[in-house]
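Visitor: The structure follows.
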Amino acid sequence: MAPRALVTGSSGFVAGHIIRRLTTQGYEITGLDIASPRGDFNGNVREVTLDIRDRERVNTLIKEIRPELVFHIAAQASVPASMRDPRTDVETNALATLELAFNAAAAGSRRMIFISTGGALHGELPPQELPAKEASHVSPMSVYGASKAAAEIYLGVVTQQTDLEVSILRPSNIYGPGQNPNAEAGVIAIVTRAMLRDEPVTLFGDGNQRRDYVYIDDTVDAILLAAEGPPDICNISTGIEVSTARVFETIADLTGYKRPILIAEARPGDIQRISLEPTKAKRVWNWQPQTSFEDGVALTIDWFRKEEASETPVKS
Ligand SMILES: NC(=O)c1ccc[n+]([C@@H]2O[C@H](COP(=O)([O-])OP(=O)(O)OC[C@H]3O[C@@H](n4cnc5c(N)ncnc54)[C@H](O)[C@@H]3O)[C@@H](O)[C@H]2O)c1
């Protein structure tokens with residue numbers, strides 16, 4: 001019989017990629033999202049429109065499908081939104097994660113794979129402590145980071161009290177084809193589409209902010225390895241710091257963008273410098289990033305270029 005998987009966040013960027021990969025492996029998949037279904041998956045995929053915070057209906061769904069694997073990817077994924085509306089963030093990212101895990105355990109699920117965060121977990125670390133390790137001090141600067149940290153701790157309770165195994169991934173900044181260019185975050189998607197459209201682009205701050213960018217296909221590999229390897233907590237990252245100025249320059253070079261880049265005040269709450277050490281994921285799950293920043297950006301630009309040329313480009 002085909003293995004059954006529940007994938008939350010199925011209308012979003014990362015979960016969409018996971019579902020496409022799982023369909024090639026013969027899974028019977030139920031996707032869950034509060035947003036409209038995509039309706040464009042091939043294979044054995046059923047999409048259910050549901051708020052992850054609706055405990056009763058989520059529990060009914062889990063009891064009905066009895067998934068072996070639960071890929072919990074849905075989240076209130078915006079750092080600024082978590083500051084504007086902390087309650088929604090805590091309910092979605094912490095409380096609903098805890099309840100989902102207890103319900104999955106009760107329905108006999110074997111494992112939950114939880115997408116936490118690496119980039120928003122540690123706050124501003126002293127330079128000598130970068131790249132951050134899994135054991136580095138957890139001190140989130142946002143409600144989003146705190147909710148993910150809380151969810152990790154709650155999941156530790158569930159694994160001690162039930163038979164559910166939990167693998168936790170802490171990705172840095174994920175980017176690639178299919179990322180929403182209309183969101184507040186996801187600088188590579190936002191800048192790529194604006195430059196392809198020859199629209200003005202704004203860099204917030206002096207360009208010296210540094211982040212660790214991990215390509216979506218590498219992230220998908222990690223999530224699938226985490227589903228089968230030992231249950232653990234690992235950074236999913238490159239360990240390499242890329243400045244925001246370099247992000248803009250790379251995309252401008254590859255798209256032939258010639259306009260001057262507009263500069264604006266740094267946004268409050270944006271972290272100055274973060275990178276995450278990926279060697280634990282190599283040791284535990286035999287995962288390591290394969291895609292260089294330049295290659296990943298080029299692949300992303302190719303995808304957005306095709307989207308822009310298609311009759312139904314990503315909505316603006
Ligand atoms: N994109 C990144 O750089 C990054 C980095 C680290 C961690 N993450 C985490 O990875 C996961 C996926 O992120 P993404 O980039 O695909 O974000 P995304 O916003 O594209 O996807 C999140 C999905 O969750 C859904 N969702 C939100 N609230 C919901 C609710 N109450 N009930 C049901 N569905 C709900 C959204 O509709 C959306 O489709 C998230 O957990 C995010 O926190 C993302």
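Visitor: How long is the gain from ASP40 to GLN128 if the chain were fully straight, where each residue apart is worth 0.36 nm and the alpha carbon distance is subtracted?
Guide: 27.1 nm
Visitor: Additional query: How much length, in nm to one decimal, is gained on full extension between GLN160 and ASP295, taken as 0.36 nm per residue of separation minus their Cα-Cα distance?
Guide: 44.4 nm
Visitor: Based on the Cβ-Cβ distance from PHE204 to ILE153, what FRET efficiency comes out when R0 is 35 Å, to the nearest 0.05? Don't jump to the answer; show the numbers that get you there.
Guide: Values: r = 32 Å, r/R0 = 0.91.
Between PHE204 and ILE153 the formula returns 0.65.
Visitor: So for the pair THR60, ARG197, with labels modelled 7 Å out along Cα→Cβ, what separation do we get in nm?
Guide: For THR60 paired with ARG197, the spin-label model returns 4.0 nm.
Visitor: Heavy atoms only, probe 1.4 angstrom, no DNA, RNA or ligands counted: give me GLU68, GLU228 ranked by accessible area, highest first.
Guide: Sorted descending by solvent-accessible area, the residues read GLU228, GLU68.
Visitor: Points 7 angstrom from Cα along the Cβ direction at LEU98 and GLN25: gap in nanometres?
Guide: 3.0 nm
Visitor: Starting from the Cα coordinates of the chain, work out the convex hull volume and express it per residue in Å³.
Guide: For the chain, the hull spanned by Cα atoms encloses 126 Å³ per residue.
Visitor: Another one. Work through the residues other than ALA135 whose Cβ is under 12 Å from its Cβ and net out their charges, Lys, Arg +1 and Asp, Glu -1.
Guide: 0
Visitor: What's the tally of Lys pairs in segment 4-309 whose alpha-carbon atoms lie under 26 angstrom apart, where the two lysines are 8 or more places apart or on different chains?
Guide: 7
Visitor: Give me the number: length gained by fully extending ALA264 to HIS137, i.e. 0.36 nm times residue separation minus the C-alpha to C-alpha distance, one decimal in nm.
Guide: Fully extending the segment from ALA264 to HIS137 adds 42.6 nm.
Visitor: Also, quick follow-up: Provide the percentage of antiparallel DSSP beta bridges, counting only those with both residues in segment 4-309; round to the nearest 5.
Guide: 5 percent
Visitor: Testing the spin-label approximation: label points 7 Å from Cα along Cα→Cβ at THR49 and ARG84. State their distance in nm.
Guide: If labels sit at THR49 and ARG84, their model points lie 2.2 nm apart.
Visitor: If the label point is 7 Å along Cα→Cβ of ASN180, which residues in segment 129-148 have backbone nitrogen under 20 Å from it?
Guide: Counting backbone N atoms under 20 Å from the label point, the list is 142-148.
Visitor: Calculate the length of the line joining the C-alpha centroid of segment 57-102 to that of segment 283-312, in whole Å.
Guide: If we compute the Cα centre of each part, the gap is 27 Å.
Visitor: Then there's this: Using θ = phi - 60° and the Karplus form 6.51 cos²θ - 1.76 cosθ + 1.60, what ³J(HN,Hα) does each residue of segment 113-120 get, whole Hz, x for Gly and Pro?
Guide: 10, 10, 8, 8, 9, x, x, 9
Visitor: Positive end of the dipole of the chain, charges at C-beta (+1 Lys, Arg; -1 Asp, Glu), about the Cα centre: which of ALA245, GLY269, ASN235 has its Cα farthest in that direction?
Guide: The listed residue farthest towards the positive side: ASN235.
Visitor: Bin width 5 Å, origin at 0, all Cα-Cα pairs of segment 181-316: what percent of pairs per bin?
Guide: The distribution over segment 181-316 is 2, 9, 17, 19, 18, 15, 10, 6, 2, 0, given as percents.
Visitor: With a ≥ b ≥ c taken as the square roots of the eigenvalues of the C-alpha gyration tensor of segment 236-316, please select rounded if a/c is under 1.5 and otherwise prolate if a/b is larger than b/c or oblate if it is not?
Guide: In terms of gyration-tensor shape, oblate.
Visitor: Another question, if that's okay. Report the Cα centroid-to-centroid distance between segment 145-189 and segment 119-143 in angstrom, as an integer.
Guide: Using only Cα atoms, the two centres lie 15 Å from each other.
Visitor: Another question, then. Given charges of +1 on the Cβ of Lys and Arg and -1 on the Cβ of Asp and Glu, with all other atoms neutral, how large is the dipole of the chain about its Cα centre, in debye to the nearest 20? List each step's numbers first, then the result.
Guide: Details: 32 positive and 41 negative charges, 48 e Å.
Here the size comes out at about 240 debye.
The values are calculated or read from the model by the stated rules, or taken from the named source; none is laboratory data. Quick caveat, the model's predicted, so the values are computed rather than measured. In this analysis, Cβ positions are derived from the backbone assuming ideal geometry, glycine residues included, and neighbour counts consider all displayed protein chains. Quick note on the areas: whole protein, heavy atoms, side chains included, nothing else; ligands and nucleic acids left out. Shrake-Rupley method; radii C 1.70, N 1.55, O 1.52, S 1.80 Å.
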